[in-house]
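Please treat every number below as a calculation from the coordinates, not as lab data. Owing to the predicted nature of the structure, the values given are computational and were not obtained by experimental measurement. Virtual Cβ from ideal backbone geometry, glycine too; neighbours counted across all protein chains shown.
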Amino acid sequence: MCAHVNGRGRTLSRKLFTVGPVHVDSEVLKAQTRPMITHRSKEYKALHVSVIERLKKALDTDMDIFLVAGSASAFLEGAVRNGVKSDVLGLTNGSFGNRWIEISKANGKNVKEIRVPWGKAIKPADIEGQVTDNIEAVHFVSNESSTGVLSPMGELICEIKKQNDPLIFVDAVTSAFGTDLNLKKNKVDALVFGSQKALGLPPGIGFIAVSEELMKKAKEIPNRGFYTDLIKIKKNNDDNSTLTTSPVSLVYALDFQLDRMLAEGAQARFRRHREMADIVRKWSSKLHGMLPEDGYMSDTIGVLNRGPMDFDKFHASLKSKGYEISNGYGDVKEKTFRIGHMGDLRPTDIKELLKVMDETLEELK
Ligand SMILES: Cc1ncc(COP(=O)(O)O)c(C=O)c1O
């Protein structure tokens, strides 16, 4: 492992430019080492209510937010288990949209699927006339991590609501805190995310923001599970705790991180992510460009076309210099590679990575 002080004086113990888990600043890692407390203690409850309040501020929402020791998938499952008796519409343009469809099916739901080609955004025209009366909820991924496509969430919500009034579930695993989701305008019923992406924390916390409508629907649904029962989870959350044991050390890290995030400001954070994305997009023209269609590229994940490059060889060399990026994923695994630019990474870090990538490409010529 190499320790390295970058241009801004931050210590990067290792250079992860991955899609998640992402690089975690050493100060954040250190914040986890505060003495352990129990999740039913007065101290924990004070911590819990404080992180939830600041999460709402950072996301600019009044929705209830719950957390669980687990990964985001716990609440992708939770949304479906609590909000759908029978019929759900699953939109997909990549691996993670497919995953949510798989989760719904695994929970016995009847899924109507709309599949959009990989690399394309899901657009209102793709769902015209599809939100029929039987559809209780629509789920889709905001930022598809396999293709680096950011779908137009606000436009999709408008189109769904024009047709009918189902619940709207959004996987914001790789968009929350890196992209402005404008939740006050874009009303959703479940927004799911995890700690290991643009929050810049280690993996291990799953989050869900829920609407009152989803909580109302949950009351009518039997078999919500135990771990994923939003009614039970809300009862504990209202008492400033968790249903099952809270990942206390990670909540310490979240506590530390939220103060830094609020000090930076949400809009400045989004601009920083956009700036990093722009640098990667520009650089991609040296190779074979970006996979996603123009106008819908993610601000947190760059998915670049590989061309004839031997990625394994390239990446082995990059790793030997202490830098790590991510392989392609799913159907486009062999055609692409991915650069994660989210969380606490900065444009200077991206420029440094790209310089090393340039050198490595030159060496392999
Ligand atoms: C868009 C998206 N959705 C869902 C997941 C699954 O999240 P988790 O592994 O935290 O359950 C990921 C993980 O990379 C993701 O990128």
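Ordering T92, I157, G200 by the projection of their Cα atoms onto the charge dipole of the chain, which places +1 on the Cβ of Lys and Arg and -1 on the Cβ of Asp and Glu, puts G200 at the extreme positive end.
Less than 5 angstrom separates the built amide H of H23 from those of L16, T18, all sequence-distant by 5 or more or on a different chain. In loop segments of the range 275-365 as defined by DSSP, the GluC sites (Glu not before Pro) with at most 11 further C-beta atoms inside 10 Å of their C-beta are E334. Normalised by the number of residues in the range 51-145, the average gap of Cα pairs under 8 Å and 6 or more apart makes the relative contact order 32 percent. The charge dipole of the chain, taken about its Cα centre with unit charges on the Cβ atoms of Lys, Arg (+1), Asp and Glu (-1) only, comes to about 620 debye.
For the chain, the relative contact order is 24 percent, taking Cα pairs closer than 8 Å that sit 6 or more residues apart in sequence and dividing their mean separation by the residue count. What the phi angles of the range 118-131 give under the Karplus curve with 6.51, -1.76 and 1.60, with θ = phi - 60°, is a coupling list of 4, x, 9, 7, 7, 10, x, 4, 5, 10, 3, x, 9, 8 Hz, glycine and proline written as x. As a rough guide to protection, the peptides 79-88, 230-239 ranked by mean Cβ packing within 10 Å, highest first, stand as 79-88, 230-239. Averaged over residues, the count of other Cβ atoms within 10 Å places the peptides 58-67, 26-35, 92-101 in the sequence 92-101, 58-67, 26-35, highest first.
Whole-Hz Karplus values for the range 178-184 come out as x, 9, 6, 8, 6, 5, 5 Hz, taken residue by residue from phi with 6.51 cos²θ - 1.76 cosθ + 1.60 and θ = phi - 60°; glycine and proline positions read x.
For K112, a cut-off of 18 angstrom between C-alpha atoms picks up these lysines, skipping any fewer than 8 places away in its own chain: K85, K123, K161. Sparsely packed loop sites in the range 213-268 (the GluC sites (Glu not before Pro) outside DSSP H, G, I, E and B with at most 12 other Cβ atoms within 10 Å) comprise E220.
Take the alpha carbon gyration tensor of the chain, find the square roots of its eigenvalues, order them as a ≥ b ≥ c, and report rounded if a/c is under 1.5; if not, report prolate when a/b exceeds b/c, else oblate. Judged from the Cα gyration tensor, the chain comes out oblate (a/c at least 1.5, b/c at or above a/b).
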